[in-house]
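Enquirer: One structure coming up, written as structure tokens, with questions to follow.
The values are calculated or read from the model by the stated rules, or taken from the named source; none is laboratory data. Computed from a prediction, not measured in an experiment: that's the story for all the values here. A quick note on method: Cβ atoms are made from the backbone with ideal geometry, for glycine too, and the neighbour counts reach across all protein chains shown. Only protein heavy atoms, including side chains, enter the accessible area calculation; ligands, DNA and RNA are left aside. Shrake-Rupley method; radii C 1.70, N 1.55, O 1.52, S 1.80 Å.
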Amino acid sequence: MKQPYVWPESVRAAFCFTIDVDAESPQLWRKRKQPSLSMNELEQRFYGLREGIWHLLDLLARYEVSATCFVPIHEAVTRPWLLETLVEAGHEIGLHGVLHEIVSELTRDQFAEIVEKGLETVVRYTGKKPSGFRSPAWEMTPWAFDVLHEAGIAYDSSLSGNDHPYSLGDTTEIPIQWPLDDAVFFRYAGTGADRWPPCSTSDAAASWLDICESMERFGGSVVTTVHPWITGRSYRTGLAEALLKHARNTSGLWICTAGELAAYHASSQNHEVFMEELNPPFLSQGRPT
Ligand SMILES: [Zn+2]
């Protein structure tokens with residue numbers, strides 16, 4: 001029988017509210033070879049750091065929850081107020097690329113430069129070194145884990161190989177859950193690219209609460225992922241509020257940042273029990289360079 005994950009006393013599950021603070025960088029990366037002046041999606045994305053982030057920060061303050069904010073460096077340096085504002089409000093900063101680069105499309109050296117630039121920039125703006133990374137679009141490679149470890153990054157939050165934190169080689173993985181990402185429900189670029197209507201906020205909230213309750217029953221770590229340009233929309237803030245209310249009203253649920261969760265995992269017996277090989281032998285042929 002599988003050993004249960006051991007939580008601190010009186011805790012039965014964990015809850016992390018994470019924000020991927022992307023604005024325009026994913027689009028700039030995607031269109032880097034064919035720059036475009038099309039404004040539709042860009043303006044949707046600009047909304048996130050004009051308006052959406054303030055809606056989310058207001059909700060987090062009201063429910064007294066510290067979030068983990070994964071911030072692309074492009075967004076940080078083009079809004080010099082951003083990192084300082086997030087840190088002053090009590091939130092954790094994690095790395096999320098420079099221009100939201102897809103890791104599997106980079107060389108190892110390019111990725112190492114991006115991590116180094118990320119660390120240098122966050123330290124310059126906040127005085128504190130981040131301990132975590134989330135890969136854009138949640139794509140990772142074994143060598144990316146090596147680079148993170150060499151750079152002193154303690155945890156990654158991009159993969160979903162367990163219901164609770166686990167160890168992938170030397171790195172703690174804080175697993176994400178795809179159906180707890182708002183982009184899955186609401187991302188709508190328009191202009192004929194997306195032909196389905198975005199999901200209703202109340203349907204998404206019902207689905208998310210159902211997933212939270214199931215994971216709590218199984219003693220997992222719930223990691224919700226929202227974007228300021230999506231859930232930060234005034235007409236969708238009900239989704240974030242439903243989650244925060246649920247977390248506050250659920251006994252035995254540890255509301256923590258991803259960094260706190262990773263630190264707990266690494267210092268607990270779980271680190272030895274839930275240890276997976278980063279690069280199992282059957283994958284070694286064809287390992288990307
Ligand atoms: Zn992102």
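Conditions tested, residue by residue: (1) small (Gly, Ala, Ser); (2) modelled with pLDDT under 95.
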position: Lys2; (1), (2): no, yes
position: Trp7; (1), (2): no, no
position: Ser10; (1), (2): yes, no
position: Ala13; (1), (2): yes, no
position: Thr18; (1), (2): no, no
position: Leu28; (1), (2): no, yes
position: Asn40; (1), (2): no, yes
position: Glu51; (1), (2): no, no
position: His55; (1), (2): no, no
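Let's see how each residue does on (1) out of contact with any Leu (no Cβ under 9 Å at 6 or more places or on another chain); (2) farther than 29 Å from Trp7 by Cβ:
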residue	(1), (2)
Gly161	no, no
Val184	yes, no
Ala189	yes, yes
Leu209	no, no
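Enquirer: Next question. Within the stretch 4-19, how many residues turn out to be polar (S, T, N, Q) and within 16 Å of the ligand (Cβ to nearest atom)?
Expert: Final tally of qualifying residues: 1.
Enquirer: Please determine whether any residue of the stretch 128-139 is aromatic (Phe, Trp, Tyr) and more than 15 Å from the ligand (Cβ to nearest atom).
Expert: No, every residue in the stretch 128-139 fails to be aromatic (Phe, Trp, Tyr) and more than 15 Å from the ligand (Cβ to nearest atom).
Enquirer: For Pro179, are the conditions met, namely being open to solvent by 40 Å² or more (accessible area, probe 1.4 Å), of a type outside the set (Val, Ile, Thr) and touching a helix residue (DSSP H, G or I) at 6+ places or on another chain (Cβ under 9 Å)?
Expert: Spelling it out, Pro179 is indeed open to solvent by 40 Å² or more (accessible area, probe 1.4 Å), of a type outside the set (Val, Ile, Thr) and touching a helix residue (DSSP H, G or I) at 6+ places or on another chain (Cβ under 9 Å).
Okay, residues lined up against (1) farther than 22 Å from Gly118 by Cβ; (2) at pLDDT 95 or above; (3) surrounded by fewer than 17 Cβ atoms within 10 Å (Cβ to Cβ):
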position	(1), (2), (3)
Leu37	yes, no, yes
Leu59	yes, yes, no
Cys69	no, yes, no
Val87	no, yes, no
Gly94	no, yes, no
Ile102	no, yes, yes
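Enquirer: Right, something else. Given the conditions (1) free of Cβ contacts under 8 Å to residues at least 12 places away in the same chain; (2) closer than 23 Å to Gly190 by Cβ, and given that Arg124 satisfies all but one, which numbered condition is not satisfied?
Expert: Going through (1) free of Cβ contacts under 8 Å to residues at least 12 places away in the same chain; (2) closer than 23 Å to Gly190 by Cβ one by one, Arg124 breaks only (2).
Enquirer: When the residues of the stretch 150-170 are filtered to those that are open to solvent by less than 40 Å² (accessible area, probe 1.4 Å) and free of Cβ contacts under 8 Å to residues at least 60 places away in the same chain, which remaining residue is nearest to Pro130 (Cα to Cα)?
Expert: Only one residue fits best here, namely Ile153.
Enquirer: Here are some conditions: (1) open to solvent by 10 Å² or more (accessible area, probe 1.4 Å); (2) under 15 Å from the mean Cα position of the chain (by Cα). Gly132 meets all but one. Which one does it not meet?
Expert: Every condition holds for Gly132 apart from (1).
Enquirer: Please verify whether Glu116 is free of Cβ contacts under 8 Å to residues at least 12 places away in the same chain, open to solvent by 40 Å² or more (accessible area, probe 1.4 Å), more than 21 Å from Ile174 (Cα to Cα) and away from the ligand (no atom under 16 Å from the Cβ), treating the condition exactly as stated.
Expert: Details: free of Cβ contacts under 8 Å to residues at least 12 places away in the same chain: no; open to solvent by 40 Å² or more (accessible area, probe 1.4 Å): yes; more than 21 Å from Ile174 (Cα to Cα): yes; away from the ligand (no atom under 16 Å from the Cβ): yes.
Against the criterion (free of Cβ contacts under 8 Å to residues at least 12 places away in the same chain, open to solvent by 40 Å² or more (accessible area, probe 1.4 Å), more than 21 Å from Ile174 (Cα to Cα) and away from the ligand (no atom under 16 Å from the Cβ)), Glu116 does not qualify.
Enquirer: Which fully enclosed helices (runs of 4 or more DSSP H) of the stretch 20-74 have 2 or more residues being within 16 Å of the ligand (Cβ to nearest atom), within 19 Å of the chain's Cα centre (by Cα) and aliphatic (A, V, I, L, M)? Let's see the steps before the verdict.
Expert: Numbers: elements: 25-30, 40-47, 53-62.
Result: 53-62.
Residue-wise test of (1) closer than 19 Å to Asp20 by Cβ; (2) touching a Cys at 6+ places or on another chain (Cβ under 6 Å); (3) not charged (D, E, K, R).
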| position | (1), (2), (3) |
| --- | --- |
| Ala151 | no, no, yes |
| Asp156 | yes, no, no |
| Ser160 | yes, no, yes |
| Asp182 | yes, no, no |
| Phe185 | yes, yes, yes |
